[in-house]
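Quick notes on the structure that follows.
The values are calculated or read from the model by the stated rules, or taken from the named source; none is laboratory data. Here the structure is a predicted model, which is why all the values come from computation and not from measurement. Don't worry about glycine lacking a Cβ; one is built from the backbone with ideal geometry, like all the others, and counts go over all protein chains shown.
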Amino acid sequence: MNKISYLITDSGVYSSCPTRFKVRLLRAIRRHNPTFILYREKEHFSKSMALWIKKRCAQPVLVHSHIKLARRYRFFGVHLPSNLLVQIPKAKKGNLFVVASAHSLQELHTIKKLGGDMATFSPIFPTPNKGTPKGIWALKKVVRRSKLPILALGGIIGKKEVARITRTKAAGFASIRYFSS
């Protein structure tokens with residue numbers, strides 16, 4: 001089975017200049033051919049950029065937190081951070097695929113109970129400003145105990161980390177930096 005790869009955008013990596021952002025994103029997509037693309041811009045969110053990505057990319061595109069925008073413009077789905085898990089039913093009513101962020105087994109259970117389709121679990125490896133990594137053993141444990149497809153997230157920068165994740169039963173991985181290399 002091929003593992004899911006989930007490209008997450010970040011203007012700090014791809015560029016806050018729209019032209020450079022587009023060039024770098026398209027290069028990353030050609031090079032890595034991710035399964036899904038998440039447009040996640042906390043500082044520089046742009047509806048026009050989100051729509052450009054949706055129009056330009058063959059992969060299913062999700063937007064971060066913007067349920068109304070995702071519904072209105074028929075994006076594939078939405079990614080919700082752990083502080084917005086209560087919004088999962090609202091997103092599901094809009095026929096959106098929902099990926100949600102989790103940092104514990106309890107959050108994974110909540111995501112499943114509320115109707116989420118998939119979850120990221122993080123941080124697995126050391127990641128700037130994300131606290132102590134949970135590690136591969138914790139990933140294996142939550143994958144075994146959760147009924148959701150889980151994507152490993154955090155500190156995945158190269159083939160070494162992807163290989164370690166591939167040996168688990170996780171559905172795949174999500175990353176910013178892996179795809180930007």
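Which residue out of 65, 104 is of a type in the set (Gly, Ala, Ser) and within 23 Å of residue 24 (Cβ to Cβ)?
Being of a type in the set (Gly, Ala, Ser) and within 23 Å of residue 24 (Cβ to Cβ) holds for just one of 65, 104, which is 65.
Name every residue in the range 11-49 that is buried (at least 17 other Cβ atoms within 10 Å of the Cβ), in contact with a helix residue (DSSP H, G or I) (Cβ under 7 Å, 6 or more places away or on another chain) and within 22 Å of residue 90 (Cα to Cα), in order of residue number.
Answer for the range 11-49, where residues must be buried (at least 17 other Cβ atoms within 10 Å of the Cβ), in contact with a helix residue (DSSP H, G or I) (Cβ under 7 Å, 6 or more places away or on another chain) and within 22 Å of residue 90 (Cα to Cα): 37, 39, 41.
Every residue, every condition in (1) loosely packed, with under 15 Cβ neighbours inside 10 Å; (2) modelled with pLDDT under 95; (3) touching a strand residue (DSSP E or B) at 6+ places or on another chain (Cβ under 6 Å); (4) closer than 24 Å to residue 177 by Cβ, yes or no:
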site	(1), (2), (3), (4)
112	no, no, no, no
116	no, no, yes, no
127	no, yes, no, yes
139	no, no, yes, yes
153	no, no, yes, yes
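Among the residues of the range 23-33, is any part of a loop (DSSP other than H, G, I, E, B) and among the β-branched types (Val, Ile, Thr)?
no
Tell me which residues, restricted to the range 100-130, are in a helix (DSSP H, G or I), in contact (Cβ under 8 Å) with a residue 12 or more places away in the chain and over 19 Å from residue 140 (Cβ atoms).
Result: 110, 114.
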